[in-house]
Every structure is written in C-alpha cells, then in structure tokens.
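Data first, discussion second: the structure below is written as structure tokens.
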Amino acid sequence: MQILSAVNNWLKRFANELQRLFYFSLRMVAALFGRPFYVAETLEQMYLIGVGSLYLIVLTGIFAGQGMALAYSVELADFGAKNYLGRIMAIAIIRELGPILAGLMVAARVASGITAEIGAMKSSNQLDAMVAFGIDPIKKIAVPRLIALVIMVPVLTIICDAIAILGAYFVADFVAHVTPTMYWSNVRGRLIFGNLFIGFFKPFVFSFIIAFISCYKGFTSEGGTKGVGQATTNSVVMASITILTVNFFITKVVFSLIKGYL
Amino acid sequence: MIGLREVSFSYGDRPVLRNVSFSVGQSESAVVMGPSGSGKSTILRLILGLETPQQGQVLIHGQDISTLKEKTKRELRKKIGMVFQDGALFDSLTVGENIGYYLLEHTRLPFEEITHRVRRMLGFVGLDADEIIDKLPEQLSGGMRRRVAIGRALLSTDPKIMLYDEPTTGLDPQAIDNVLNLIKKLHQERSISTIAVTHQIVDAFDIADRFIVVYEGEVAFDGSVQELRDCRDSRVQAFLAPFRSSFAGVARRRFVDGGQGL
C-alpha cells in the first residue's frame, strides 16, 4: 500500500513538473515576439554557444566517426562490402550520430551553464531586481539563449557531420584501404533530401529541448548553492534523456512520412 | 500610500503571513522587525508585486498591485525603489552599468548623459566615481555594494517609496553607519516613504519613526518606540528580550540624550 502511495505521489509530482515546464515553454515562445529585442545579448550567446562548443564538437565528431568507421569496416569486409563504407557512414552520421552527438554535447556543456547562471541570478535576487526595474527576465535572459541555440545547434551539427565523415574517411583510406574516390562518391550518393531533412530537423528540435529545459530548471531552482547544483545536474540529465527519446520518435515518424525520399 | 489589508500568503502548503494589516503614510519611515523566517521579506515582495497574496489587498497609492496587469504593475513599480538583501547587483555588469541599468534599458539618453547621472549618483551615495565606476560588484566591499544598490534604485525610478531588505546585515560598524546615514538622508531630503525590513533592532531605532513586529506571520505590534518599550505582548517581549540592553541604550540616546524624553 505504501509503495502504491509513493508511486502515486511520484507520478503526481512528475505530471505537475511536466505541466509547469510546458507553461514555461509557452511563455518563452510567446516572449519571442514583440519588443524589446535583445540583439546584443543574442549575438553574445551565439558566440558563447557556437564558438565555445566548437572544440568539443570537432573532437567528439572526429573520434566518433573514426570509431564507427573502424567497427563497420571490419563487419562490411566479412561480406565483401567494404567499398560501401562511405554510404553507411553518410547515412549513420547525417541521420543519427551527428544530431545526437551535437545535441548531447551542447546539452552537457551549454544546458549546465545556462541553468547554473540563471540559478545563481535567481538565488542572489538578480532576477527579482530585473522585474523591479520593469524588465521581463524571460525576455532578457531566456529568449536570447533560445534564439542562439536554435541557430547554433544546427550549425554545430553540420560541422559535426562534416568532421565525423572526414574522420571516417581517414579510417576508410588508411586502415580499410577503400579508395578515396569510392568513399566520397558513396558519401555524395547519400546526400539526398530525405537524409538531409532528418539531419537538419533533429538539431532544430533538440535546440528547443535544451533551451526550454535548461532555462526552466534555472528559473525554478531553489535552495541556494546546493539547489543550483542540483538543478544543473537535473537539467543535463533531463535534456539528454529527452533528446535521446525524441530522437527515436522523430526517426520513426519522419521515416514513415518521407520514406519515398530516402 | 502603502497599505496591507488582511493579507495572507503561503509558499505552497507553508503559510507565511496570516491576516497582516498595516499602512505607511507619505514621508513616513517604518521598520518591519521580527525573527528570521517570520515573513518580513515576503511583505516587501508583496508590496513590489513579485508575489500575489492568496487573500487580502496590497495597496500602493490606492491601487491593489496584486490585481493589476503586468504592464500596469511596471508603471506602479516606477514609484518604488527596492534595495534587495546583499544588493542583488548584476554581477556581470560594472558598477556604472548597474547604476545606469534602468536608463540604459528604458531610455534613449545619450551615453554621456547616463554616465554623468551615474557619476552624480555615486557622489550622492558617498562613493568615489573615479575609483569604482568600472569595477565589478565582486570587487566591492559589502557596504559599498549596498550603497551602489541604493544608488541604482534611486537613479532607476526616482522613487516615492523605498523598500530596504535587511540593509545592514553582514556589514561592519563603519559600513552600517554609512548605509543608515544614507537611508536617513534620503528620507529627510527627498520625503521618501520608507519601509525597511531588519532583525537588527539597534539599526531599526536609528532610521524609523514606526515599528512593526512580525511574529510567525502575524503582526504582533505596530506603533512608536515608546509604545514598543511598554508593549506587554508576550511575542514582542520574547523577540525583544535578547536586545534589552541595547534597546535601553539606544532609547536613552535617542529620547533622553536627544532631548525628546520618554
């Protein structure tokens, strides 16, 4: 009986949290429209998110691409299909690896930063001070981060895709001994509308997920330094799990919708 | 000018204020005292419209701020200056940007004019503009931060009402004197209505004509220092007991040595 009651309470809390997150997200989207527009803040966030995450994306992209290429080249060699490595890599990276890797890396690096920054501002009453001076903190703090993420996550994903495919090429050429012409022609062959659409649509959705969750967790953090720390951890965990879950459903839905273009 | 009428407020299931009523007139200076956690700061948040009471009215110039739309609240807040606990200065901005924040955000004044006003305000609050205008809040002492926060509130809204949340907590005696003198100077020179929240009784006597003691969310006392001394309410007695000696000393200094007599 106690277990049932505990599960019931947990479910209620979870539903309540989801509802609050939903309403907060709506407020963020509503705040996108109408003056004032904080252009300088948005550009600053684009720099911090985009340029700041670049080294992480490049490093993870190149090593993940090489790792996958190594694994696939061995398996494909067993079937005498080693020459198709470029084709497999292009599909895997553009549709799945690139968006997920970029999404998770940005979630880990940026979501934690956003939540910690907003949480610290909240615990030191800086958000209340803004309200006291007639400024909407959601418009001033959350919206520039949302816009910056929506622009920069797809850009970072494209870079991640390119670097991973390049990393895989080195393995294909120097380890698996696939000719460069064969590798790149296979890659080019899979740069078709369906794959590119999935590859660009996913980071667009992931950027909203990262912005909504990280800002929400920052604005609702409580309990001083410890609370901010906890909110930061929760933000990264929640954003990462949501990205992975939503990724599956996007793949499933988009596959059925644009099957003819794949 | 400011009136709370039978205000009750809870954070979730935790009641904070119960049927709180008091009013503060034009040019009057009141101090809200009480032990930690008694709901003092919440009163200021209600007056500023940062929280909405579950019951009762919070009247500012005859308007119930809790029922107003955000746009109207913003207009009303222009008449209120708030000095948050620890100053709540924006830690990524310099002292100059903090003080000129409102003008930078809400006006199109030339930068030179804003700088001129900021320098003048720094002089008014007793700080050397040349020395600190480009410093970050973290580079200032506690007392300096409090004075910058007062300057920011004054330059922001040219207020008719000033609210201070624990203005002297955590400061050294010299800094306490500076901040208290500034509060008195403001009250006398600009005829600003003042509500300060504190649990420092000695400081309260220095700046207020009226004393409101909040105990466990209820107003246990509302009156002058003489009435406070004679108050037989057990809750007020319990709160004052640890401060009896300083209470007697300050009361003597203010009312006997000061010539007013008890």
Leading residue at positive end of dipole, the protein assembly as shown (Cβ point charges), from B:Val125, A:Thr115, A:Gly34: A:Gly34
What is the sum of charges, Lys and Arg at +1 and Asp and Glu at -1, for the other residues whose Cβ falls under 14 Å from the Cβ of B:Ser41? -3
Remind me, relative contact order of chain B in percent, using alpha carbon pairs under 8 angstrom and six or more residues apart? 25
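Keeping every protein chain in place, order B:Ile176, A:Ile151, B:Ile43 by accessible area at 1.4 Å, biggest value first, i.e. largest first. Don't jump to the answer; show the numbers that get you there.
On the way: B:Ile176 35, A:Ile151 75, B:Ile43 0 Å².
If we order B:Ile176, A:Ile151, B:Ile43 from most to least accessible, we get A:Ile151, B:Ile176, B:Ile43.
How large is the accessible surface per residue of the range B:15-88, computed with a 1.4 Å probe and reported in Å² as a whole number?
Per-residue value: 40 Å².
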In whole percent, how big is the carbon plus sulfur part of the accessible area of the range A:52-183, probe 1.4 Å, protein atoms only? 72
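Nearest 100 Å² is fine: what is the total accessible surface buried where chains A and B meet, probe 1.4 Å?
Values: alone 13620 and 12400 Å², together 24590 Å².
Accessible area lost upon association: around 1400 Å².
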Pairs from A:Lys12/A:Lys202; A:Lys140/B:Lys78; B:Lys73/B:Lys160; A:Lys217/B:Lys135 whose Cα-Cα separation, in the structure shown, is over 26 Å: A:Lys12/A:Lys202; A:Lys217/B:Lys135
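Please tell me the relative contact order of chain A in percent, rounded to the nearest whole number, where contacts are Cα pairs under 8 Å and at least six residues apart.
Working: 329 pairs, mean separation 83.4, N = 262.
This gives 32 percent for chain A.
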Under a crude label model (7 Å from the Cα following the beta-carbon direction), how far is B:Asp134 from B:Ser234 in nanometres? 6.2
Angle in degrees between helix B:111-124 and the longest Cα principal axis of chain B, rounded to the nearest 10: 40
Expressed in nm to one decimal, what extension gain is obtained for the pair A:Gln19 and A:Val74 from 0.36 nm per residue of sequence separation less their Cα-Cα distance? 15.0 nm
Among the DSSP beta bridges whose two residues both lie in the protein assembly as shown, what percent are antiparallel, rounded to the nearest 5? 50
Taking the alpha-carbon centre of each part, the distance from the range A:73-89 to the range B:202-236 in Å is 83
Given labels modelled 7 Å from the Cα in the Cβ direction, how far is it in nm from A:Phe37 to B:Gln26? 4.4
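Can you give me the span-like helices of chain A, meaning DSSP H runs with 18 Å or more of Cα extent along the axis and Kyte-Doolittle mean at or above 0.0? Provide the component values of the computation, followed by the final result.
Working: long enough: A:2-31 (43 Å, 0.24); A:52-78 (41 Å, 1.16); A:143-174 (46 Å, 2.03); A:193-219 (39 Å, 1.43); A:224-257 (47 Å, 1.00).
Helix filter hits for chain A: A:2-31, A:52-78, A:143-174, A:193-219, A:224-257.
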Using a 1.4 Å probe on the protein heavy atoms only, what accessible surface does A:Cys215 show? Give it in Å² to the nearest 10. 0
Among residues of the range A:96-131, a drop of 10 Å² or more in 1.4 Å probe accessible area, assembly relative to the chain on its own, occurs for A:Ser124, A:Asn125, A:Gln126, A:Asp128, A:Ala129, A:Met130, A:Val131
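The values are calculated or read from the model by the stated rules, or taken from the named source; none is laboratory data. Because the structure is predicted, anything quoted here is derived from the model rather than measured. All Cβ positions, glycine included, derive from the backbone under ideal geometry; neighbour counts span all protein chains shown. Surface areas here come from the heavy atoms of the whole protein model, side chains and all, with no ligands, DNA or RNA. Shrake-Rupley method; radii C 1.70, N 1.55, O 1.52, S 1.80 Å.
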